[in-house]
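Here's the structure we're looking at; comments come further down.
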Amino acid sequence: MHLPISDKIELNILHQNSHQAEKNKVKFNNYNLLCLNIMSSPGAGKTRLLEITLEDLSTEFQSAVLEGDMTTNLDAARLEKLNIPVVPITTGRACHLDANMVSGGLKLLEKKINPHILDILLVENVGNLVCPAEFEIGEHFKVALLSITEGEDKPLKYPIMFREADLILITKVDLLPHLNFDINELKSNISSTNPKADVIEISSITKSGFDLWQKWISKKIMKFKK
Amino acid sequence: MHEVDMTKCLILSMEEWAEKKNKETIIVEKINLKIGEFTCVEPISLINTFNAAVLGSWLDSSEITIETIPFEGKCSKCNRSYFPKKENGYKSPCCNFNLEEIISGRELKIASIDFKEK
């Protein structure tokens, strides 16, 4: 037996995932395709947001969706009705999408359509405020949804998710008159966790805020394509 | 549940590292990790998941050690470092400023691997 050797490697535990995420990003860039990673807890309104957004975007941009779900294709089926390319990714027991799953989804998308004609790829992550925050998928921007029914304290309780997000959409704001909810407290908690994030209040019922969300997306696409 | 996926990534990284060493000729004794406090990882869950995942594998006899790296921020107003607390909205206690800069606490690293040659 030899004496123990200590190999100081200082390697990120998630480097395999990060490496694949970088490869995905290179692919997105080659396709001139902006990729958004849409994350939230279950029931915050991701799929409904996408239904409205995809319809609004369709006059100006070509979109596609990678739809992450743990066990069903229900959300993917809803979005397929909009006649846009949708690839369901069923994660099984995994509570988030990782870069390999997205790479697989992209390969399936390539079989459906030439991604060169697309402007934006929306990736709906699995509903979860913990894991998706740590696993990059090669996205250009992270968008986190937070519905007001979840409580003002969520940015403090799940700080990584809200710290990592480039944009935070406060959803279901049409319910404000019916709830004992302090939106200023929520905004203050968002600012203290992530002062750099853009914040938009939005309602899928009244469509308020969708113009700002649309502008945010358009601006990112135009800047990306320059 | 994400500790399972973290463990998978960790094992893949170990496989990659071992390929360069000739896996058959070494015994890994310790995998020394640095895990930041401002991550989604619960150290004990990661250790338990790893121990279960490597049973019967070439890493069966290896042990995980975890050095916890404190969550430290820097006040953008006065440049002092501080330890952000959830109770205080992660704001700096000196100037009550929002958390802009994180100095440490986001680490998810394999710092070093202690091994023996057979």
Worksheet, complete the sentence: Quick calc, residue A:111 & residue A:59: beta-carbon distance into FRET formula, R0 35 Å, rounding 0.05, result 0.85
Worksheet entry | region B:1-60, dipole about Cα centre (Lys/Arg Cβ +1, Asp/Glu Cβ -1), debye to the nearest 20 | 160
Response to the item:
Averaged over residues of B:34-42, the number of beta carbons from other chains lying within 10 Å of each residue's Cβ is 3
Worksheet entry | Among the listed pairs A:27/A:154; A:81/A:207; A:157/A:196; A:196/B:85; A:142/B:34; A:154/A:226, those beyond 28 Å (Cα-Cα) | A:27/A:154; A:154/A:226
Discussion item. Need one number: nm distance between label points at residue B:16 and residue B:68, each 7 Å from Cα along Cα→Cβ, rounded to one decimal.
Written reply: 2.8
Item to complete: Using the charge dipole of chain A (Lys, Arg: +1 at Cβ; Asp, Glu: -1 at Cβ; taken about the Cα centre), state which of A:99, A:40, A:76 has its Cα farthest towards the positive end.
Response: A:99
Discussion item. Apply the Karplus curve 6.51 cos²θ - 1.76 cosθ + 1.60, θ = phi - 60°, to the phi angles in region B:63-79 and return the couplings in whole Hz, x for Gly and Pro.
Written reply: 10, 9, 10, 10, 9, 7, 9, x, 7, 10, x, 10, 6, 6, 8, 10, 6
Worksheet item: Taking only DSSP H segments of four or more residues, each worth -39500 (n - 2.57), what value at 222 nm results for chain B once the sum is divided by all its residues, to the nearest 500 deg cm²/dmol?
Response: -8000 deg cm²/dmol
Worksheet item: For residue B:95, what is the net charge nearby, where nearby means another residue's Cβ is under 14 Å from its Cβ and Lys, Arg count +1, Asp, Glu -1?
Response: +2
Worksheet item: Just how large is the dipole of the protein assembly as shown about the Cα centre, in debye to the nearest 20, putting +1 at every Lys and Arg Cβ and -1 at every Asp and Glu Cβ?
Response: 740
Discussion item. What are the ³J(HN,Hα) couplings of region A:203-213, residue after residue, when phi is run through the Karplus curve with 6.51, -1.76, 1.60 and θ = phi - 60°? Round to Hz, x for glycine and proline.
Written reply: 9, 6, 8, 8, 6, 5, x, 5, 5, 5, 5
Worksheet item: What is the distance, in nm, between label points placed 7 Å from the Cα along the Cα-to-Cβ direction at residue A:32 and at residue B:23?
Response: 4.4
Item to complete: Show that you can apply the helix-only estimate: for chain A, add -39,500 (n - 2.57) for every DSSP H stretch of four or more residues, divide by all residues, and state [θ] at 222 nm to the nearest 500.
Response: -11500 deg cm²/dmol
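Any read-out appearing in this document is the output of simple, stated calculations on the displayed coordinates, not a laboratory observation. Just so it is clear, the structure is predicted and the values come from calculations on it, not from any experiment. Counting neighbours? That spans all protein chains shown, and the Cβs are built from the backbone with ideal geometry, glycine included.
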